[in-house]
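Taking it in order: structure first as structure tokens, then the write-up.
The values are calculated or read from the model by the stated rules, or taken from the named source; none is laboratory data. Bear in mind the structure is a predicted one, so any value in this text is a computation, not a measurement. Backbone-built Cβ (ideal geometry, glycine too); neighbour counts: all protein chains shown. Just so you know, the surface numbers come from the protein's heavy atoms only, side chains and all, with ligands and any DNA or RNA stripped out. Shrake-Rupley method; radii C 1.70, N 1.55, O 1.52, S 1.80 Å.
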Amino acid sequence: MGIHLIVMSVFCVEIVICFLFLLLLEKWFDFSRESSKRSEGMKYVLVTGGVVSGLGKGVTASSIGLLLQACGLRVTSIKIDPYLNKDAGTMSPFEHGEVFVLDDGGEVDLDLGNYERFLDVKLTRDNNITTGKIYQSVIDKERKGDYLGKTVQVVPHITDAIQDWIERVAAIPVDGKEGPPDVCVIELGGTIGDIESMPFIEALGQFSYRVGAGNFCLIHVSLVPVLNVVGEQKTKPTQHSVRGLRSLGLTPNILACRSTTELDVNVKEKLSRFCHVPEENILTLYDVPNIWHVPLLLRDQKAHEAILKVFDLPCMASKPMLGEWTARAQRCDMLNEPVRVAMVGKYTGLSDSYLSVLKALLHASVACRRKLLINWVSASDLEEATAIENPDVNRAAWNSLKSADGVLVPGGFGDRGVEGKIIAAKYARENNIPYLGICLGMQIAVIEYARSVLGLENANSTEFDPNTKNPCVIFMPEGSKTHMGGTMRLGSRRTYFQVMDSKASQLYGSQRFIDERHRHRYEVNPEMVLQLENAGLSFTGKDESGQRMQIVELGDHPYFVGVQFHPEFKSRPGKPSALFLGLIAAASGQLEALLKKNVNVGATNTNTKPNGFTNTNGSSSPHRFGNKIHTNGNTNGGLHV
């Protein structure tokens, strides 16, 4: 009996122990699930700037995104611009640099161009947040009665709208894959202390608590100047900037310090002490030969490890796979043989006005193993009026034009410098100099041809001369003449090739159609097309209706191409735009070899035209890969190199 009781007691104890063990196991699984849920949630990297503007926050944010992408994470980006404009579409390039255009027609800040080029993603208009967009959305809700009669205030209504916008857009995939990205890199425009950015600072402070400390990493880009008088790196500006940031409720996890040289050890120690940031989290962004080195600079300082440590993701901190990127950056530094391109434009005093064009030229020149040199030519300096008023300036402009291996006329608006651009197009056409005209650059090429070849001396665009008797370029019928913002033909549009053996068609891989981004109000007059084509000008690309001219070429010219779209917006470091690659190849004597590497198109139903091209109704040939160059223009508008 006693033994039986002992056995029963032991059995009961074992049952209790098993029960407690299962209870603890369940608690452990619950904790693991919660931890996993926290670690699997969206991670946010906020990049802010201090001391002065123009430190390179956009390049820094792009480089951080690339670094995390190279660690195997999916990355998206958001740019916050505190100005009241709804978008960048109505701003002069002198105010804010170029207007970058997205596939969905969004006219956005140029930093989104950096994000797309570095990360090779396709962003949307909602990835650019402005004060105008936020306030308009809140006011629209108030008018509909969504706030139930409450007093609408900056806090909480504006700040909540900012946070909701960030969370919504961060979940949108931008890399062509399904499911939300892993990390969202947010860049806050301006500098800490700007009045217009205060609602965003407050919203982001709240947002850091909303998502949790392990899901939010703040990187503050600041300036550490070197005074020539003493030659010492000064930390006080950064100290004040961080103090201002902390006073607004945000504490930096990482400092990215811009300086001419690498930070001294004692300078890092001082910054760590006064800014309350670990010494290993203080990064130096010193001057480099080209911006492709910035991600490598961050990698070498283990920036990815610092960020992933904040996110509690140390398991992801493997060495970033940046072999191809490194090789490209080093190749760019070693290029010696020059190719010189004359950029004939209206905003030549500010290179950011043509940032995407410059980047597309760089991508193409690196692919062609040439060192890019730009001759900036103010279009108005080529005109007869300047020759009379200031002959030295006119002579210098002509010398720059004539010393170039190729000529590029980018897009623009307004009549200033138009006659100079027409002169540049005429010079390139008559002297067999490779020419690429983009948007307005295509339109002025058509005007020049009508004047010089057809003899229509007063041929013009109705944009510059509404009463011209020979309107080569006209206002689009669906355009608005009363509202300027967002009323142009914007975003990705399809172009169908009309002749398959033209240079443009071959550069795009002899595809039947391509998709490129547009931004224009005026177009070539379809009523003059037949007259121009009979005189030798060929419109090799048109829209789906056949009434909108998209690509114009001269068949008997080494390279004379004009396009209504903006191919620069889809150019990437490893996938240069087909037409920019053609320009650089033609300017450096490599075009014939490049075209031979592309698809050979068999002609059917051929009919030779006055322009030297062969018209064909045959379907496009399949892709052909060779010598590390293959075409993929329908998906990215360029050649992979």
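Hey, any hits in the range 587-596 for a residue that's closer than 22 Å to L112 by Cα and modelled with pLDDT of 95 or more? Even if it seems obvious, please write down each step before you answer.
As a first pass, look at the range 587-596 and keep what is closer than 22 Å to L112 by Cα: none.
No - not one qualifying residue is present in the range 587-596.
Please go through the range 334-362 and pick out each residue that is open to solvent by less than 10 Å² (accessible area, probe 1.4 Å) and either out of contact with any Gly (no Cβ under 8 Å at 6 or more places or on another chain) or of a type in the set (A, V, I, L, M, F, W, C) (or both). Within the range 334-362, V339, V341, A342, M343, V344, V357, A360, L361 meet the criteria. Taking (1) at pLDDT 95 or above; (2) touching an Asp or Glu at 6+ places or on another chain (Cβ under 7 Å); (3) not β-branched (V, I, T) in turn, N375 satisfies each apart from (2). Just for the range 136-180: of the residues that are in contact with a helix residue (DSSP H, G or I) (Cβ under 7 Å, 6 or more places away or on another chain) and not in a helix (DSSP H, G or I), which one is nearest to N85 (Cα to Cα)? The residue in question is V152.
For the range 223-235, how many residues meet the condition of being touching a helix residue (DSSP H, G or I) at 6+ places or on another chain (Cβ under 8 Å) and either in a loop (DSSP other than H, G, I, E, B) or not polar (S, T, N, Q) (or both)?
Step one: list which residues in the range 223-235 are touching a helix residue (DSSP H, G or I) at 6+ places or on another chain (Cβ under 8 Å), which gives 223-225, 233, 235.
Adding the requirement that they be either in a loop (DSSP other than H, G, I, E, B) or not polar (S, T, N, Q) (or both) leaves 223-225, 235.
So the answer is 4.
When K150, K177 are checked against the criterion of being free of Cβ contacts under 8 Å to residues at least 40 places away in the same chain and surrounded by fewer than 20 Cβ atoms within 10 Å (Cβ to Cβ), K150 stands alone in meeting it. Assessment of the range 370-378 against the conditions (within 23 Å of F569 (Cα to Cα) and among the basic types (K, R)) yields at least one matching residue.
Inclusion of T495 among residues that are within 24 Å of the chain's Cα centre (by Cα) and at pLDDT 90 or above is warranted.
Per this entry, R331 is counted among residues that are under 19 Å from L594 (Cβ atoms), more than 18 Å from the chain's Cα centre (by Cα), of a type outside the set (G, A, S) and open to solvent by 50 Å² or more (accessible area, probe 1.4 Å). Scanning the range 204-233 for residues that are in contact with a strand residue (DSSP E or B) (Cβ under 6 Å, 6 or more places away or on another chain) and on the phi > 0 side of the Ramachandran plot turns up nothing. Residues that are part of a helix (DSSP H, G or I) and charged (D, E, K, R) were ranked within the range 39-76; the one that is surrounded by the fewest Cβ atoms within 10 Å (Cβ to Cβ) is E40. When restricted to residues that are at pLDDT 90 or above, assigned to a helix (DSSP H, G or I) and hydrophobic (A, V, I, L, M, F, W, C), the range 189-222 contains 8.
Counting just the residues of the range 240-260 that are outside any loop (DSSP other than H, G, I, E, B) and open to solvent by less than 10 Å² (accessible area, probe 1.4 Å), which one comes out farthest from L298 (Cα to Cα)?
Filtering the range 240-260 for residues that are outside any loop (DSSP other than H, G, I, E, B) and open to solvent by less than 10 Å² (accessible area, probe 1.4 Å), the one farthest from L298 (Cα to Cα) comes out as L245.
Of the residues that make up the range 145-164, is at least one touching a His at 6+ places or on another chain (Cβ under 9 Å) and under 20 Å from H520 (Cβ atoms)? No: the range 145-164 contains no residue that is touching a His at 6+ places or on another chain (Cβ under 9 Å) and under 20 Å from H520 (Cβ atoms).
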